[in-house]
Amino acid sequence: TAITPSIGYAPAGKQVMAYTRREPIGVVAAITPWNSPLLMAAMKLAPALCAGCTVVLKPAEETSLTAIRLCELMLEAGLPAGVVNLLTGFGAEVGDALARHPGVAKVAFTGSTEVGRILLGSARGNLKKLTLELGGKSPAIVMADADLSRAIPGVARGIFANSGQVCVAGSRIYVQRPLYEAMAEGLVRAAGRLRLGHGLDPASDLGPLVSPEQAARVAAYVAGGRAAGAEVLAGGTGFPEAPAFFAPTVVAGVTPDMALMREEIFGPVTAITPFDEPEEALALANDTDYGLAASVWTESLSAAHRMAAAVRAGTVWVNCHSYFSPELPKGGMKTSGWGVENGPNGLENYLETKTVCMVV
Ligand code: NAD
């Protein structure tokens, strides 16, 4: 882009001519989480390659096979060797080595807030640029004028899709009192109807969690909530004969201090809570360290805009939850991250600005 500077240059008669160049940032380390492994890799590879960067992709140790196949296909499609490189392995070893490597200019990370914090330290040597797409505890706010025929299936999908292993999962549901009973009953019915089964069986609605350990973690959150006085309305159980599965679970009576309400569970578990006034819903929705996403369910245009402006989250959906498209910037506020992916803003992550300034 050509720029005409406002400050002159002596001696008089000389002109200053300037322009900027957008240059690729350099080698990118793309570190991805276990959930949606193909999508997470694509969201980093596409803009990095468009910007002219080379990439070292480090997939999650639980789901590396997708990345291996993707890299094979890219080579087969003619991508020159060395443009995308794949390193599998554990995060604390391979991911950490990449984050510390002086030849890496940028880390594009998607994963937990906990590991995001670690990266701040390990990437500081050469002051790598970081984008951090981290965890969430996203609210779904159902206003009294919501269309329940859309809100019930939409909110249910928002939490139960991929067995809740979604960063934006609607794990806190706040319902305005007149609709609370109907919404709770609807969600319980929706949870009960979901068929659990093999992830590749088209008849299954929900597959397993990523591992039996993750299912046990989810079970511990529910047990903790029960012990603290919360009431399980649906699900709440694992399956000894299929230890990686956990039943779609709806819990009521979860207070703001419970781990069930504060921590990211990454499983098919949601808390449902009534509210009276919109201000109360906003206070509850914003009472979290996270700020990844939220949904608002209402037929009122004014309420939709008011709530969308007041919720501190990187994405606010109205009458839908977990809708994505490559054109829409996606990022987190608060401890849900730094920077955004997707859209024109997403491309910026992989470019640096150089100013060229000449006296002619
Ligand atoms: P994780 O943080 O445990 O791991 C993510 C990646 O980081 C993996 O590749 C892992 O090997 C690596 N890693 C682990 N320790 C590391 C270290 N010390 N240094 C460098 N790399 C390290 O996350 P996960 O359990 O695989 O995925 C679930 C998390 O990802 C959830 O918190 C979820 O919300 C988040 N997530 C966020 C988004 C988003 O867009 N904001 C999208 C999907 C998932």
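The values are calculated or read from the model by the stated rules, or taken from the named source; none is laboratory data. From a predicted model like this one, the values you see are computed outputs, not experimental measurements. Cβ atoms come from the backbone with ideal geometry, glycine included; neighbour counts cover every protein chain shown. Accessible surface areas use protein heavy atoms only, side chains included; no ligands, DNA or RNA. Shrake-Rupley method; radii C 1.70, N 1.55, O 1.52, S 1.80 Å.
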Query raised in the report: Checking ALA29 against (1) within 15 Å of the ligand (Cβ to nearest atom); (2) touching a helix residue (DSSP H, G or I) at 6+ places or on another chain (Cβ under 9 Å); (3) part of a helix (DSSP H, G or I), which single condition isn't satisfied?
Result: (3)
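Collect the residues in region 96-118 that are touching a residue at least 40 places away in the same chain (Cβ under 8 Å), within 9 Å of the ligand (Cβ to nearest atom) and of a type outside the set (Val, Ile, Thr), keeping them in residue-number order. Walk me through it before giving the result.
Filtering region 96-118 for residues touching a residue at least 40 places away in the same chain (Cβ under 8 Å) gives 98-99, 101, 103-113, 116.
From what's left, within 9 Å of the ligand (Cβ to nearest atom): 98-99, 107, 109-113, 116.
Those that are touching a residue at least 40 places away in the same chain (Cβ under 8 Å), within 9 Å of the ligand (Cβ to nearest atom) and of a type outside the set (Val, Ile, Thr): LEU98, ALA99, PHE109, GLY111, SER112, GLY116.
I need the full set of residues from region 67-95 which are out of contact with any Lys or Arg (no Cβ under 6 Å at 6 or more places or on another chain), outside any helix (DSSP H, G or I) and more than 8 Å from the ligand (Cβ to nearest atom), in order please.
ALA77, GLY78, LEU79, PRO80, ALA81, GLY82, VAL83, VAL84, ASN85, LEU86, THR88, listed by residue number.
Checking the condition in contact (Cβ under 8 Å) with a residue 24 or more places away in the chain, among the acidic types (Asp, Glu) and within 15 Å of the ligand (Cβ to nearest atom), which residue from GLU341, GLU352, GLU299 passes? Break it down stepwise before answering.
Numbers: GLU352 fails: within 15 Å of the ligand (Cβ to nearest atom); GLU299 fails: within 15 Å of the ligand (Cβ to nearest atom).
Only one candidate passes the filter, namely GLU341.
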Report task. Filter region 217-232 down to the residues that are touching a strand residue (DSSP E or B) at 6+ places or on another chain (Cβ under 8 Å) and open to solvent by 60 Å² or more (accessible area, probe 1.4 Å), then identify the one that is farthest from ALA271 (Cα to Cα). Result -> ARG226
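Only residues that are closer than 26 Å to SER302 by Cβ and open to solvent by 40 Å² or more (accessible area, probe 1.4 Å): list them for region 124-147, please.
Within region 124-147, the first condition is being closer than 26 Å to SER302 by Cβ, and the residues that meet it are 138-147.
If the condition is that a residue be closer than 26 Å to SER302 by Cβ and open to solvent by 40 Å² or more (accessible area, probe 1.4 Å), then ALA144, ASP145, ASP147 are the ones that fit.
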Report task. Taking the options LEU49, LEU39, name whichever one is out of contact with any helix residue (DSSP H, G or I) (no Cβ under 9 Å at 6 or more places or on another chain), within 16 Å of the ligand (Cβ to nearest atom) and farther than 23 Å from LEU120 by Cα. Result -> LEU39
Query raised in the report: Which one of the conditions (1) part of a loop (DSSP other than H, G, I, E, B); (2) more than 16 Å from the ligand (Cβ to nearest atom); (3) closer than 26 Å to GLU277 by Cα does SER204 fail to meet, given that it meets all the rest?
Result: (3)
Query raised in the report: Going through region 186-204 one residue at a time, which ones are in contact with a strand residue (DSSP E or B) (Cβ under 9 Å, 6 or more places away or on another chain) and surrounded by 14 or more Cβ atoms within 10 Å (Cβ to Cβ)?
Result: LEU187, VAL188, ALA190, ALA191, LEU194, LEU196, GLY197, SER204
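Quick grid of which residues meet (1) of a type outside the set (A, V, I, L, M, F, W, C); (2) assigned to a loop (DSSP other than H, G, I, E, B):
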| residue | (1), (2) |
| --- | --- |
| THR131 | yes, no |
| GLY136 | yes, yes |
| ILE141 | no, no |
| ALA151 | no, no |
| ALA161 | no, no |
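If you go through region 299-319 one residue at a time, do you hit one that is closer than 30 Å to SER6 by Cα and within 22 Å of the chain's Cα centre (by Cα)?
To start, the set of residues in region 299-319 that are closer than 30 Å to SER6 by Cα comprises none.
So far as region 299-319 goes, no, none of its residues is closer than 30 Å to SER6 by Cα and within 22 Å of the chain's Cα centre (by Cα).
How about region 1-52: which of its residues are of a type in the set (Ser, Thr, Tyr) and either open to solvent by less than 50 Å² (accessible area, probe 1.4 Å) or touching a His at 6+ places or on another chain (Cβ under 9 Å) (or both)?
If the condition is that a residue be of a type in the set (Ser, Thr, Tyr) and either open to solvent by less than 50 Å² (accessible area, probe 1.4 Å) or touching a His at 6+ places or on another chain (Cβ under 9 Å) (or both), then THR20, THR32, SER36 are the ones that fit.
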Requested in this report: Just name the residue that is least open to solvent (accessible area, probe 1.4 Å) out of those in region 270-327 that are under 18 Å from GLY186 (Cβ atoms) and touching an Asp or Glu at 6+ places or on another chain (Cβ under 6 Å).
Outcome: THR298
Requested in this report: Filter region 239-263 down to residues that are crowded, with 19+ Cβ neighbours inside 10 Å and over 26 Å from ARG177 (Cα atoms) and give me whichever is nearest to the ligand (Cβ to nearest atom).
Outcome: PHE246
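In this structure, does VAL311 turn out to be of a type in the set (Val, Ile, Thr) and touching a His at 6+ places or on another chain (Cβ under 9 Å)? Can you show your working first?
Details: of a type in the set (Val, Ile, Thr): yes; touching a His at 6+ places or on another chain (Cβ under 9 Å): no.
No.
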Report summary line: The lone condition PHE266 fails out of (1) at negative phi; (2) open to solvent by 10 Å² or more (accessible area, probe 1.4 Å); (3) of a type in the set (Phe, Trp, Tyr) is (1)
Report task. Could you run through region 132-181 and say how many residues are touching a Lys or Arg at 6+ places or on another chain (Cβ under 8 Å), of a type outside the set (D, E, K, R) and within 13 Å of the ligand (Cβ to nearest atom)? Result -> 2
